[in-house]
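What follows draws every value from the coordinates through simple rules; no lab data is involved. Quick caveat: nothing in here was measured; it's all calculated off a predicted structure. We place every Cβ from the backbone using ideal geometry, glycine too, and count neighbours over all the protein chains shown.
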Amino acid sequence: MKKTIIVIVLVGMFGWAMYDLVKSDESADSGEEMDRTDEFESTGKTEMDQGDDNNQDKAAEETAGEPDQPITGLDVGNIAPDFELETLDGKKVKLSDFRGERVLLNFWATWCPPCRAEVPDLEKLYENNDVTILAVNLTQTEKNRQVIQDFVNEFDMTFPILLDEDIEVASMYSIQPIPTSFMIDTDGIIRNKAFGALQYDMMVDGLNQMK
């Protein structure tokens, strides 16, 4: 009887030990799987966040790399407003026709003493330098066209004389005193402007500062 009880107790103890061992192995496997899952989720999140950061950095670089486009206006750095006028010899020209050339755009009239003083230096600049001079005459303020022609003949002016019959272009450029000059580069951008008569050295200096 005693031997039977002892055998039962030993069998029970052996069975419990086996059960406990199996449970321990399952818990260990489960823990390892959970650790691997956490590691995957953590790694995945980091890579995704890094991808977003890279995209944002790239977008910022692209935006920063876009140069500011000049606008049309009358300030230095603006694109000079385009216009079309007829010349004294009957040709129609646009300011944009001279894109790719350096242009001195000059507003003047025959009755203006500073304009008269400036003309010889303008002619000298035109003859000795690579520059286009467009001399816009405020024709509405003149007595007639013959007055303009006589003035041109007197000073042997060889650069184009544009006739602003209705002062539309002078108004577009907000001309107040005359002469007024705009120095425009090969891209059509205003690089300098002057109110009043310019001397030859000032013209050359302004011309040399632009492409």
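Of the cross-linked pairs Lys94/Lys193; Lys92/Lys211; Lys91/Lys124; Lys124/Lys193, those separated by over 22 Å at the C-alpha level are Lys92/Lys211; Lys91/Lys124.
Treating r as the C-beta distance of Arg99 and Thr141 and R0 as 30 Å, the FRET efficiency rounds to 0.55. Extension gain for the segment Lys91 to Ile167, taken as residue separation times 0.36 nm less the Cα-Cα distance, is 25.6 nm to one decimal. Relative protection proxy for 153-166, 126-139, from highest mean packing down: 126-139, 153-166 (other beta-carbon atoms within 10 angstrom).
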